[in-house]
Amino acid sequence: MQEVQIQVNGSACSVQVEPGTLLVDCLRGPLGLCGTHQGCDTAQCGACTVQVDGRAVKSCNVLAVQVAGRAVRTVEGLAPAQDRLHPMQQAFSKHHALQCGFCTPGFLMRAVSMADEPEALCDPIDPHWVRHALGGNLCRCTGYEGIVHAVCEGLVAMRRAGAA
């Protein structure tokens with residue numbers, strides 16, 4: 001076992017893990033953060049997407065020891081307050097960008113990290129860019145139209161609110 005110090009959703013965490021423990025298993029297991037979903041375990045579906053130091057990563061493809069000393073943000077850390085949704089979450093709700101919800105946390109985390117990409121500064125935001133940028137996240141229910149509209153609107157709302 002190895003002790004790993006991680007900043008998770010703004011809080012310092014110390015967790016004991018085996019050296020080969022995947023980040024997704026660390027988050028869901030000892031840390032109890034089950035919003036990050038395990039889908040394909042081959043880094044293809046994106047259900048496990050979290051942010052590490054502000055960048056979207058697939059947590060089924062990263063070892064917990066690799067994020068020692070770094071900042072990890074999960075879907076549980078998105079909302080700015082208990083009674084308030086993040087602008088991207090609001091856009092997903094408005095555009096019905098989810099059905100079963102299994103893939104939603106991964107899409108949200110990828111979408112929020114897109115705000116730091118130069119294309120997110122365009123006005124209007126290009127839906128073709130959004131589709132391409134979300135290419136590593138799969139949904140079996142929605143058909144993506146609502147997701148693309150939500151991400152476009154959410155990025156604009158984030159820009160206005162200065163949210164990340």
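Each reported figure results from applying straightforward, stated rules to the coordinates on display, with no laboratory input. None of the values given here were measured: they were computed from a predicted structure. Positions of Cβ are backbone-derived with ideal geometry, glycine not excepted, and every protein chain shown enters the neighbour counts.
Which of these, 132, 96, 149, has the largest mean-square fluctuation under a Gaussian network model of the chain (Cα springs below 10 Å)?
Largest GNM mean-square fluctuation: 132.
How long is the gain from residue 79 to residue 34 if the chain were fully straight, where each residue apart is worth 0.36 nm and the alpha carbon distance is subtracted?
Numbers: separation 45, 0.36 × 45 = 16.20 nm, distance 1.56 nm.
Length gained, residue 79 through residue 34: 14.6 nm.
Got a sec to turn the phi values of the range 67-73 into Karplus ³J(HN,Hα) couplings, 6.51 cos²θ - 1.76 cosθ + 1.60 with θ = phi - 60°, whole Hz, x for Gly and Pro?
Once rounded to whole Hz, the list reads 9, 4, x, 10, 9, 10, 10.
Using the eigenvalues of the Cα gyration tensor, what equivalent ellipsoid semi-axes result for the range 87-161 when each is taken as the square root of five times the eigenvalue, whole Å, largest first?
Listed largest to smallest, the semi-axes of the range 87-161 are 18, 13, 10 Å.
For the range 46-58, in order, what is each residue's ³J(HN,Hα) by Karplus, 6.51 cos²θ - 1.76 cosθ + 1.60 with θ = phi - 60°, in whole Hz (x at glycine and Pro)?
Taking θ as phi minus 60°, the curve returns x, 4, 9, 5, 10, 10, 10, 6, x, 9, 5, 9, 8 Hz for the range 46-58.
So, in Å, what gap is there between the alpha-carbon centers of the range 28-53 and the range 79-140?
So the two Cα centres are separated by 16 Å.
Is it possible to state the helix-based mean residue ellipticity at 222 nm for the chain, with each DSSP H run of 4+ residues giving -39500 (n - 2.57), the sum divided by total residues, to the nearest 500 deg cm²/dmol? What is it?
Numbers: 5 runs with 48 residues, N = 164.
About -8500 deg cm²/dmol.
Work out from phi, with θ = phi - 60° and the Karplus expression 6.51 cos²θ - 1.76 cosθ + 1.60, the ³J(HN,Hα) of each residue of the range 150-163, listed in order in whole Hz, and give x for Gly and Pro.
Along the range 150-163, the couplings run 5, 5, 4, 5, x, 5, 5, 4, 5, 4, 5, 7, x, 8 Hz.
Can you pull the one-decimal nm distance between simple spin-label points at residue 2 and residue 141, each 7 Å off the Cα toward Cβ?
With each label placed 7 Å out from Cα toward Cβ, I get 3.7 nm.
From zero outward in steps of 5 Å, how is the percent of C-alpha pairs of the range 2-77 spread across the bins?
3, 19, 32, 29, 14, 3
Rounded to the nearest 20 Debye, what is the dipole magnitude of the chain about its Cα centre when Lys and Arg each give +1 and Asp and Glu each give -1 at the C-beta? Before the final figure, lay out the partial values.
Numbers: 12 positive and 14 negative charges, 36 e Å.
Roughly 180 debye, rounded to the nearest 20.
So what's the convex hull volume per residue for the Cα atoms of the chain, in Å³? List each step's numbers first, then the result.
Numbers: hull volume 17.2 nm³, N = 164.
With only Cα atoms used, the chain gives 105 Å³ per residue.
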